[in-house]
Amino acid sequence: MVSDNINIKIESLFSFVNEEEFNNQKIKIKEKLNNIDKYNDIYKDSLGWINPLKYTNTSSLDDINRVATKIKELGSVLVLIGIGGSNQGARAIIEALDIESSCSVIWAGNNLSSHEAQRVLNSIGDRNFCIDVIAKNFETVEPGLAFRIFRDALIKKYGDSYRERVFCTGTKDSYFNRLCTKEKYTFLEFPEDLGGRFSIFSPVGLLPIAVSSINIHKLCSGLRQLANSINKSENLIDYIAFRTLLGNKGYPLEMMSFFEDRLFRFGKWWMQLIGESEGKDNKGIFPVIGNFSEDLHSIGQFIQEGNPIIFETFIKILNQKDTIKLEKNGVEDHFDYVNNKSLLSVNKISEMATIKAHSQRLPVCVFEIDKMDERTIGSLMYFYMYSTYISCLAIDVNPFNQMGVELYKKWMFEGLGKTKKS
């Protein structure tokens with residue numbers, strides 16, 4: 001068991017690999033964990049997240065809650081401007097927990113679509129709003145241009161007083177920091193020892209999460225609990241051995257699958273975490289997501305009878321609210337076999353059937369979640385960050401750089417006419 005609210009089950013693995021291979025892979029993972037102090041020293045400049053108390057102590061969380069309260073007093077909308085790791089984690093948690101708040105968080109700066117930017121502006125309407133601009137180095141085009149667009153909207157609506165509605169999260173002593181000081185924007189620090197995809201449990205992710213009325217103290221208690229015992233977790237070793245062994249055995253794709261749409265953004269966060277961390281030196285497992293049951297009617301055929309290159313990890317929530325009953329209402333619709341059942345129970349049967357069917361075709365691992373709450377999702381995200389770190393060590397790649405992401409920017413900047421001075 002990962003923690004007292006998360007359990008991992010590996011299904012049907014030995015139908016695809018032999019047990020000796022799996023045990024040998026576990027030994028290799030244990031060797032990495034036994035030498036973790038050596039690796040922690042090598043990557044110390046990127047491991048600010050590994051000790052949760054560093055940025056989630058009570059004082060730090062209280063400071064973030066105070067800023068969140070100010071934002072909620074100023075308006076009913078917060079536009080979060082960021083891309084990649086600057087917004088994926090917060091969005092994953094906010095949409096997974098789906099807690100009602102007096103202030104809605106909406107997303108911008110994660111693409112260059114004029115249509116999407118206008119849609120977000122239109123969605124604000126006459127409501128009072130603030131913006132939170134997240135930019136570690138303030139060089140990425142998408143959030144930089146969104147900052148211009150939504151700053152202009154603030155100026156037009158509030159005049160010179162717009163400044164009190166601009167909140168920025170960036171690197172201390174950077175150009176962005178100096179800009180915020182000059183313009184009198186509220187500035188929060190993006191810790192230098194955190195990469196974007198590992199930044200969720202810092203002001204980067206915690207401020208918008210707190211604005212969404214999610215209890216960040218409970219959220220961080222989950223990851224602190226797990227962090228204290230994670231190196232001793234047999235489930236951690238099993239999961240990393242499971243995926244790294246399958247990667248070596250001709251399964252280059254890992255699919256995270258779930259039967260709740262509210263986990264879609266969690267899956268997108270995980271995709272970035274895995275893709276940017278492992279995808280180097282012609283190595284790594286390609287992450288994809290299965291949003292079921294919808295995707296069973298699109299890629300389900302490929303999963304069952306196509307090229308067997310996928311292994312699957314299900315996120316299964318055991319306890320949920322059961323509110324919608326399927327009552328017979330006098331219309332003969334040929335669905336009487338669900339009479340007096342609930343929609344939740346039908347979804348659970350679909351989930352069970354899918355896991356059973358897929359386990360006969362491909363290796364499957366199931367994460368059983370007691371319930372989706374702050375503490376549980378905090379534990380789950382820390383588990384994935386830590387397992388990704390160790391998985392990268394297992395295949396001998398640097399977990400924290402992402403030089404490949406920069407290559408397209410060279411051609412984009414050339415096309416835009418950017419020079420070093422501009």
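Figures for the structure shown
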item: Listed residue (L112, I27, S15) projecting farthest to the positive dipole end of segment 8-133, Cβ model; result: L112
item: The chain: antiparallel DSSP beta bridges as a percent of all, rounded to 5; result: 20 percent
item: Nearest-ten-degree value, helix 264-278 long axis tilted from longest Cα axis of the chain; result: 90 degrees
item: Nearest-ten-degree value, helix 114-124 long axis tilted from longest Cα axis of the chain; result: 80 degrees
item: Accessible area of segment 267-422 belonging to carbon and sulfur atoms, whole % at 1.4 Å probe; result: 55 percent
item: Whole-number accessible area per residue in Å² for segment 1-136, which is evaluated in the context of all protein chains at 1.4 Å; result: 49 Å²
item: Rounded, prolate or oblate (a/c below 1.5 giving rounded, otherwise prolate when a/b exceeds b/c) for segment 133-218 by Cα gyration tensor; result: oblate
item: Net charge dipole size for the chain [Lys, Arg +1 and Asp, Glu -1 on Cβ; Debye, nearest 20]; result: 1260 debye
item: Point-charge dipole on Cβ atoms (K/R +1, D/E -1) for segment 6-54, about Cα centre, debye to 20; result: 220 debye
item: Gyration tensor verdict on segment 91-172 (Cα atoms; rounded if a/c is under 1.5, prolate if a/b is larger than b/c, oblate otherwise); result: rounded
item: Partner lysines for K136 [C-alpha distance under 22 Å; skip if fewer than 8 residues away on the same chain]; result: K44, K54, K172, K182, K184, K268, K409, K410, K418, K420, K421
item: Prolate/oblate/rounded call for segment 297-373, Cα gyration tensor, a/c under 1.5 rounded; result: oblate
item: Portion, in percent, of the accessible area of segment 63-144 that falls on carbon or sulfur, probe 1.4 Å; result: 43 percent
item: Considering only segment 205-357, percent of DSSP beta bridges that pair antiparallel, nearest 5; result: 15 percent
item: Entries of K249/K283; K32/K280; K72/K316 with Cα pairs more than 23 Å apart; result: K72/K316
item: Sparsely packed trypsin sites (Lys or Arg not before Pro) within segment 288-354, loop by DSSP, other Cβ within 10 Å at most 11; result: K321
item: Selection from N347, S233, T388 lying farthest towards where the dipole of the chain points positive, charges on Cβ; result: T388
item: Residues with amide H under 5 Å from that of T186, placed H, sequence gap 5 or more; result: V166, C168
item: Length-normalised contact order of segment 39-184 in % [C-alpha pairs under 8 Å, at least 6 apart]; result: 24 percent
item: Whole-number percent relative contact order across the chain, with pairs defined as alpha carbons under 8 Å at least 6 apart; result: 24 percent
item: Average accessible surface area per residue within segment 250-298, 1.4 Å rolling probe, Å²; result: 41 Å²
item: Folded to 0 to 90 degrees: helix 343-359 orientation relative to the chain principal axis, Cα; result: 60 degrees
item: Sum of -39500 (n - 2.57) over DSSP H runs of 4+, divided by residues of the chain (222 nm, nearest 500); result: -15000 deg cm²/dmol
item: For segment 298-326 versus segment 275-290, the gap between their alpha-carbon centres in whole angstrom; result: 21 Å
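The values are calculated or read from the model by the stated rules, or taken from the named source; none is laboratory data. Given the structure is predicted, the values throughout are model-derived calculations rather than measurements. Positions of Cβ are backbone-derived with ideal geometry, glycine not excepted, and every protein chain shown enters the neighbour counts. The area values use the complete protein model at the heavy-atom level, side chains included, leaving out ligands, DNA and RNA. Shrake-Rupley method; radii C 1.70, N 1.55, O 1.52, S 1.80 Å.
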